[in-house]
Structure formats: C-alpha cells, structure tokens
Amino acid sequence: MGKLTKNQKLALEKVDTNKAYTLKEAAGLVKEITNTKFDASVDIDVRLGVDPRKANQMVRGVVSLPNGTGKQIRVLALCTPDQEAAAKEAGADYVGLDEYIEKIKGGWTDIDVIITMPAIMGKLGALGRVLGPRGLMPNPKSGTVTQDVAKAVKEVKQGKIDFKVDKFGIVHTSIGKVSFTEDKIVENAKEFMSTLMKLKPTAAKGTYVKSIYLSSTMSMGVKIDPKSIDE
C-alpha cells in the first residue's frame, strides 16, 4: 500500500472499516470524508449473490431517483420529425435523426443517453461498434427505445437511471452528489435498493445482497448494514 495522504489518514480515523453503519450514518460520513474541490458523485456498490454468467441470474433494471442524480445528463433524441418538437420541449439537448447518425459514425459521442423509437433501431445497427463500448446503445429494457420519446426524455432528465450487474456480481451506480443533504442521499439509496430487491432472480440461491458500500468519487467506501435500508 502506498503512502497515505493527509485526507486519507483523516478518513481512516473517522471510518471504522470493521463496522457496518446505518444508511444515514454512512451518508453523513461520506459527506464528511470527501474533500474534493468539485461536487463529487455519491456511489453505491452492492455485491449480489448471483452468477452473472448465467442468463437466468442477470440483474438489470431502471429506477427513478426521487431527488435526481445531480448530474447534467446530455440527451440525444433520434426520432421522426413529428416527435422532434415534443422531445425538445421535454428537455432533449440534441434532436434529429440522419444528421446525428452521420455524426456518430464520425466518432461523435458527447452525450450520456440516446433515446429513440422502435422503427429507427434498424438504422442504429451500424453504430454498434461506436455506441456499444460506451454503453450508449438504446435498449427497450432501459426505456430508451419507445414510441413516446418525449416522456422518456423527461424521465431521464428528472433522474431515471438504468443499471446492471457486472461480471463480478456487483451493481455500481451513482445516486446523487456530495452536495445533497443526508436525507436526499438516503431517499435515493432506499429507492435504488427497493428496486434492486424486486429484481432478485428466482434461480439465485442463498444470500441475495452480500454487501453494500457507499462512497464518493474520491473517498473510501463506507460499509452499510443491509437491515438499515428498511428503517
């Protein structure tokens, strides 16, 4: 282990790595031990008792965080002309079709989410190599392929996120910012965990939630007692 910085030493003094904190305590500690000059994201990491290599144990879902993510999400709406005005009104940063498909073919990916319509998905097949590795390919399961583009844009702008378990059995996602109050972080974490619990695969045996940690972009993780999620 390398030499600890002054801030890392202070964090270790405040956080007992052998203790599982309540969700509210963890939210307070993460705010306290984060010393970044920017408004860091608050992340939640949940280790699940699933085998993601098996299709019947894949965990993927969407959740609308009650207090949003705190991030400015850049949305591209690829839609037919009759939906363009509604998509713009809903808050889409970029709206169009063929001109943006050409831009993406040229390597443009300055966006966070793409929302499109089922009839247009055929045109996006050729963009798989560009969008796939960046996690930008629209997917019906995440609500980004829909007939109601404006509604989907609005939901994403208000804090709807999608998540899925990685190959190590961990779900990692951002649920807010350090500038959020403890209560807002707690509310978002509870909503996320409530959604995650409903997605337990029937094929998964044993303990579903093995561990939960809360951290910020630059802080150490604070272990959470799973029982405190329901308090």
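Derivation of every value follows stated rules applied to the coordinates shown; laboratory data play no part. Source: prediction; values computed, not measured. Ideal geometry is used to build each Cβ from the backbone, glycine not excepted, and the neighbour counts take in all protein chains shown.
Summary table
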read-out	value
Rounded FRET efficiency, nearest 0.05, which uses the C-beta distance separating residue 151 from residue 13 and R0 of 35 Å	0.15
Length released on extending from residue 167 to residue 134, taking residue separation times 0.36 nm less the Cα-Cα span	10.2 nm
Debye intensity ratio in log₁₀ form over the Cα atoms of region 90-174, taken at each q of 0.11, 0.13, 0.18 Å⁻¹	-0.31, -0.43, -0.83
Semi-axis lengths, Å, the chain, gyration tensor of Cα atoms, sqrt of 5 times eigenvalues	34, 21, 17
Degrees separating the helix 182-198 axis from the principal Cα axis of the chain, which is the longest one	70 degrees
Computed FRET value (nearest 0.05) for residue 181 with residue 58, which takes r as the C-beta separation and R₀ as 25 Å	0.15
Contour excess over end-to-end distance, with Cα ends at residue 24 and residue 51 and 0.36 nm allotted per residue	6.7 nm
Between helix 23-33 and the chain: long-axis angle, C-alpha atoms, 0 to 90°, nearest 10	90 degrees
